[in-house]
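Okay, structure first, notes after.
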Amino acid sequence: MSRDQRIQAALDRFGKYLVQQARSNLTKQNKNVSKGLYDSIQWNAKAAKSGESFSASLSMLPYGEFQDKGVKGKEGTPKGAQNSPFRFGTGTGKKGGLTEAINKWVKARRFQFRDKKGKFMSYDSTAFLISRSIYRKGIPASFFYSQPFKLGFQKLPSEIVEAFRLTEDDLKAFTRK
């Protein structure tokens, strides 16, 4: 097996491990209602024929970053999201987008609050109350892919790291898409 083939095989093993662990973490953390994020997680790696470079990327639906790193709330910060680059209330997001997404989530889970009289509230009302709470308090970080990334990076064969003189930050730059 040539050096290029060994590098490609190691990158493929790393990617397979990363995707499997990220998907497993989503399921274990009950963040897999529609399987949209789960199914969207993909790894692509290609070593150059000369063995001098490679490209690697981990791709997923955009909201996967929010789930992994968490989102700071308007009035507070949940556990693990202190270092998150994301924050509610900055005015950069789509107006009403959170409520729309929560409405789909509420309907998928058939989840409804009850009012003071014991009647079920509408899905829209339930989604509004949940959205308001999330907006104020934020979303806790799940680290569903960043934790496996750190563990997998430690397992990468030393010949790859030495051949390219890579650091963890270098590899993270390659995996962002």
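The values are calculated or read from the model by the stated rules, or taken from the named source; none is laboratory data. Please read these numbers as outputs of a predicted model, since none were measured by experiment. When we count neighbours, we look across all protein chains shown, and the Cβ atoms used for this are built from the backbone with ideal geometry, even at glycine.
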Show the residue pairs that are 6+ apart or on different chains and have beta-carbon atoms under 6 Å apart, the first residue being within the stretch 52-67 and over 13 Å from I41 (Cα atoms) and assigned by TED's automatic domain parsing to the domain that holds R6, the second being modelled with pLDDT under 90 and small (G, A, S).
F54/A47; A56/A45
Can you give me the number of residues within the stretch 108-149 that are under 28 Å from T90 (Cβ atoms), in contact with a helix residue (DSSP H, G or I) (Cβ under 7 Å, 6 or more places away or on another chain) and not in a loop (DSSP other than H, G, I, E, B)?
12
When the stretch 128-154 is examined, which residues are found to be farther than 18 Å from Y63 by Cα, among the aliphatic types (A, V, I, L, M) and either at pLDDT 95 or above or not assigned by TED's automatic domain parsing to the domain that holds L11 (or both)?
L129
Which of the following residues is out of contact with any strand residue (DSSP E or B) (no Cβ under 9 Å at 6 or more places or on another chain), surrounded by fewer than 18 Cβ atoms within 10 Å (Cβ to Cβ) and free of Cβ contacts under 8 Å to residues at least 40 places away in the same chain: R23, R110?
R110
When the stretch 118-133 is checked residue by residue, the ones that are more than 24 Å from P78 (Cβ to Cβ) and of a type in the set (D, E, K, R) are K119, D124
From the list K16, K46, which residue is in the same structural domain as P148 (by TED's automatic domain parsing), surrounded by 12 or more Cβ atoms within 10 Å (Cβ to Cβ), among the charged types (D, E, K, R) and not in a helix (DSSP H, G or I)?
K46
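I'd like the full set of residues that are over 12 Å from T126 (Cα atoms) and in a helix (DSSP H, G or I), limited to the stretch 86-107.
Listed by number, the residues that qualify are G97, L98, A101.
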